[in-house]
Structures are given as structure tokens and as C-alpha cells.
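The values are calculated or read from the model by the stated rules, or taken from the named source; none is laboratory data. Quick caveat, the model's predicted, so the values are computed rather than measured. Positions of Cβ are generated from backbone atoms using ideal geometry, with glycine treated the same way; all protein chains shown enter the neighbour counts. We work out accessible area using only protein heavy atoms, side chains counted, and drop any ligands, DNA or RNA first. Shrake-Rupley method; radii C 1.70, N 1.55, O 1.52, S 1.80 Å.
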Amino acid sequence: MRLEVDITGKTFRSAAGGTHEVLAPVKFALQSGEVGVLIGPSGCGKSTMLRIILGLDHDFAGHIARPPEARIGMVFQEPRLLPWRSVEQNVRLAAPDVADAKLAELFRILELEAHRDHYPGELSLGLARRVALARAFAVEPDILVLDEPLASLDDALAGRLRDEIATLVASRPVMTLLVTHSLDDAVRLGDRLFFLSPRPARIVAEMPIGIPRATRGEAEIAAIKASLAQRTQGDRTERDAS
Amino acid sequence: MLRLLSFVLFLAIWWIAALLVGGAKLPSPPAVLQVMIAEASSGALFLHLGATLARVALAFTLAMSLGSAIGYLMGRVKLADRLGDPWLILLLNLPALVVIVLAYIWAGLTEAAAIAAIAINKLPTAIVTLREGTRALDRSLDEMASVFAMPRWRAFRHVVLPQLAPYIAASARSGLSLVWKIVLVAELLGRPNGVGFEIGVAFQLFDTPRLLAYSLTFAAVVLVIETLLVQPFEARANRWRPRAA
Ligand SMILES: Nc1ncnc2c1ncn2[C@@H]1O[C@H](COP(=O)(O)OP(=O)(O)OP(=O)(O)O)[C@@H](O)[C@H]1O
Ligand SMILES: [Mg+2]
């Protein structure tokens, strides 16, 4: 399976009547088993790009080739839970085929066991985000799309969930698209990092990470980060010089 | 407890007023109760009440289901909204009496004409309320449902319907009170039975105890249905909302 993104442009008409360009030409492809990471400044158009890729927004120029039968698991930037359904129902409605054991396992990992019967209005934002993660994992997706999934979680939990995402990605052939502001998450999870420019977003740098995720130790991660810092430093001096 | 108190207060004021203005204009509670018992034991009270309730149930169900469907459509589809809007404004501003009289003229003094006329009076408000509710639907949840490939019916039942439920409850409540009022007019003008018909007869005879006996029994039934049916439904529709302190 392969996801091909070829957006040539996206503009929004503002309420005042003007138009503003949100996406410049963006082109990349993702294979099964790969994790692509989108990194870019706030407001540059990342969420907009995800909506286009998922087929939620058809008003753009370009072409998206998505495997037609692919099951999608999505963690939206806001949790987007049904306030009138319990935590468990929220997950089951999206993933009706999920086995009880699998669900129990997910709730255990995400530390949601005590909250199964709660309604989303009774959850903290961090808890709601975890429910959204549980929902995305429960569908056993072919394409996993995560829009800043680890925001508003404490470091320890974020770390554990990051490992969980890594395990899931390793356990099945799933292609993952992750949006994050954390270079650390990007380096630990990603196979290919796409650095985006401010709005209108285009890919300013694409960086593949050669070392397989499983064998990336702390030393390797530090090394990748250092080389990244060097590169961005280099970009900056280049830009300053021109 | 408070309800009981206010009921007792109502009776007391009535009784005192009856003593002041005299029994011909305002009969005292026991006099009205006597008529009620007499009408009930002859079976007439239940017959007329039953006829009225059946009309209310039919017209209400018809107007609610049709109005909800049209309102939902108009909220979702722009073209339907554009096409339907002038009709809606016309219906909203048409006096109930005109609809009833025209229905009787065109369709004869029939049961169908009465029920249709009552339903048509309720229809536009149901449409407007449901259209408002549909416009207020959370698009981001629709997106969620579509990303997770929820089948249409499941998405409608679990994503859309709970959002519409408060609007349906509100429309049911206001609609019911509208139908209660209009059904009596329709019966008065063109039906040989029902509470409205009886009130018409009582009016012609200036039989105030009989008039009050029927009106109050009817009001009591309305009250019971409101508290036992409509209010619990409304509470259920809002159950998931975090309770206010
Ligand atoms: N429906 C819309 N109508 C008009 N403009 C919009 C709309 N949605 C987004 N935008 C604009 O598009 C730009 C990109 O928004 P988007 O949500 O994709 O940013 P983002 O990269 O996800 O930012 P963040 O990191 O803060 O989530 C923003 O400038 C925003 O104002
Ligand atoms: Mg965003």
C-alpha cells in the first residue's frame, strides 16, 4: 500500500471576502510501515493538509492517491469525542469489531480502565486525548493519522504512549502520518521527517532517518538531533547570506 | 409538595371568587366536581376526552415526523432550504382559524380534514426548530464519523440524533401546547364529539359548570401528559450534559 500526496495548492476564502493561500505545492509519498512526520510552525497548514489527505476537504488543487479500502485511524487535534456516549461506547462506535480483550488491553496501556463508563465531559483534556488514541488504535488502521497526539500529556505518559505508537506501527503494516512540534517525538518515531515552511506550507527539507526505529538507542537519537540542529543551522546561515 | 400547595391555593382563590361573583357566572368547585362525576359516570366525559386525545395524538405524530424530516432536509440541503423557505413563511403566518375553515370547506366536515388542519398548524414550527437544530450540528463530529467510516445509520443514530434530541424535545413541547389549543377550535367548528364540541354546546346553553368541568378535566390530562411524557423525554435527551451545580 502506498499513499501519494500531490497537492498543488489550497486557498481559503476568508469571511471578509479575501482569499489566503494555506498550502503551496506539497508532494510526497508514504509506504506501508513508514512513519512520516510533519513538523512546521503553528498555523502553517498541517491540519489542513491532513484533512485533504483524508478526503475531508475536496476543495483543493492537486491529487491524492489513497488505497481505497484502507481503514483509517485518526487522532484529531481536538479529541472529537461524542459527548453523549461513554468512553467505551465512543471507542466501540468507531471500532465495532474490536475484541473485548484487545479493548481491555488498550484501556490498560492508556490508563483508562477507571474511566470506561465516564462521559467525555467528565474527563480532563489529557484523558480525552487518550480516549481519542484508544479509538484510533482500536480500529486496527491501515493508515494512522495523528495530529499532535501527545500534546497536554505529562512527559512520562507521553513517553509511554510514544512507545505504544512505535509498538503498534511495528506490529502491523500501517502507514503513519504524525504532526508534532516536538523534535524529540519526531526523531524517536519518524522514518522520514518533513520540515514545513510558514504559511503557505511547502516542504523545506525532507530528512530520512536511516537507523530502524527498534535499534535507535539514546546515543543514536542524540546524534540524529545534533545533525538536525547542524542542518537547520546551516539552512539559516545560507538564508542569512543570500 | 410545592405543587400541591399551589394547587390548593388555586382552589382557594377559585372558591372565594365564586362566592363573590355568584354561582351563575362562576360555579364553586363542588358544583363543577358534581358535573364531572355525572359526566364521567354516564361515560360521555371519557368518550369526548378520548376523541380529542386521539386527534391530538394523530395530528401531533403526523406534524412532528413530517416537520422533523423536512426541517432536517432544509438544514442539510441548501436547495431545499431555498425552495421551502417561502412556503414556510406563509405557513408560519397563516392564522389557525383560516387553515381550519379552509380544510373543512375543501375536504368536508371530516375527521381527516380536522386532523390535517391541526397538523398543518403545528408543521411549520416543527420545521423551523429542526432546521435550526440541523444547522447547529457539529461538523467536526460529522468529519470524525466519516473518517472512521461509520455506516450512515450508525452515524445518524449516534452522532446526529443526540444533537437533535433537545430540539426535538423543545419542538414536541411547544408543539403539544399548540395542538392542545387548536384541537378544541377544530372540534368546535366541525366535529360532532370531543372536548371542543362539548365546550361549544355548553357555551350555547351558557352552562358554565359543564364548560368548566370539561375544560378542567382536559387541562388536567394535558398536565399529566406533560409531566409524565414530555418532561422525562427532555431530561433524557439532556442526560449526558454535565449537571449544573
Ligand atoms: N476553514 C477555514 N477557513 C479559513 N481559513 C482557515 C480555515 N481553516 C484553517 N484556516 C487557516 O489556514 C491556516 C492553517 O491552518 P491549520 O489548522 O492547517 O494550521 P496548523 O498547521 O495545523 O496549525 P497548528 O500547529 O496551530 O495546529 C491558518 O492560517 C488558518 O487561519
Ligand atoms: Mg493543526
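The residue of the stretch B:108-149 that is nearest to the other protein chains (Cβ to nearest Cβ), among those that are farther than 30 Å from A:Leu50 by Cα and β-branched (Val, Ile, Thr), is B:Thr129. Residues that are more than 16 Å from ligand 1 (Cβ to nearest atom), away from chain B (no Cβ under 14 Å), in a loop (DSSP other than H, G, I, E, B) and of a type outside the set (Gly, Ala, Ser) do occur in the stretch A:147-167. Checked against the criterion of being buried (at least 20 other Cβ atoms within 10 Å of the Cβ), under 23 Å from A:Met49 (Cβ atoms) and modelled with pLDDT under 90, the stretch A:189-205 contains one or more residues that satisfy it. Does any residue of the stretch A:56-69 turn out to be open to solvent by less than 20 Å² (accessible area, probe 1.4 Å), charged (D, E, K, R) and either away from ligand 2 (no atom under 16 Å from the Cβ) or in contact with a helix residue (DSSP H, G or I) (Cβ under 9 Å, 6 or more places away or on another chain) (or both)? Among the residues of the stretch A:56-69, at least one is open to solvent by less than 20 Å² (accessible area, probe 1.4 Å), charged (D, E, K, R) and either away from ligand 2 (no atom under 16 Å from the Cβ) or in contact with a helix residue (DSSP H, G or I) (Cβ under 9 Å, 6 or more places away or on another chain) (or both), which makes the answer yes.
Anything in the stretch A:74-100 that is more than 8 Å from chain B (Cβ to nearest Cβ), open to solvent by less than 80 Å² (accessible area, probe 1.4 Å), over 28 Å from B:Ala237 (Cβ atoms) and not in a loop (DSSP other than H, G, I, E, B)? List them, or say none. Result: A:Val75, single match. Consider the stretch B:197-232 and keep the residues that are under 15 Å from the mean Cα position of the chain (by Cα) and not β-branched (Val, Ile, Thr). The one that is surrounded by the most Cβ atoms within 10 Å (Cβ to Cβ) is B:Phe218. Specify the residue that is farthest from the other protein chains (Cβ to nearest Cβ); the eligible residues are those in the stretch A:38-73 that are over 12 Å from the mean Cα position of the chain (by Cα) and of a type in the set (D, E, K, R). By that ranking, first place goes to A:Asp59.
In summary, A:Leu125 fulfils each of the numbered conditions (1) more than 16 Å from ligand 1 (Cβ to nearest atom); (2) in contact (Cβ under 8 Å) with a residue 24 or more places away in the chain with the single exception of condition (1). What number of residues within the stretch B:76-111 are in a loop (DSSP other than H, G, I, E, B) and either touching a Gly at 6+ places or on another chain (Cβ under 6 Å) or surrounded by fewer than 14 Cβ atoms within 10 Å (Cβ to Cβ) (or both)? Summing the residues that are in a loop (DSSP other than H, G, I, E, B) and either touching a Gly at 6+ places or on another chain (Cβ under 6 Å) or surrounded by fewer than 14 Cβ atoms within 10 Å (Cβ to Cβ) (or both) in the stretch B:76-111 gives 5.
Each residue in the stretch A:10-59 was checked for being within 13 Å of ligand 1 (Cβ to nearest atom) and not in a loop (DSSP other than H, G, I, E, B), and 20 of them qualify.
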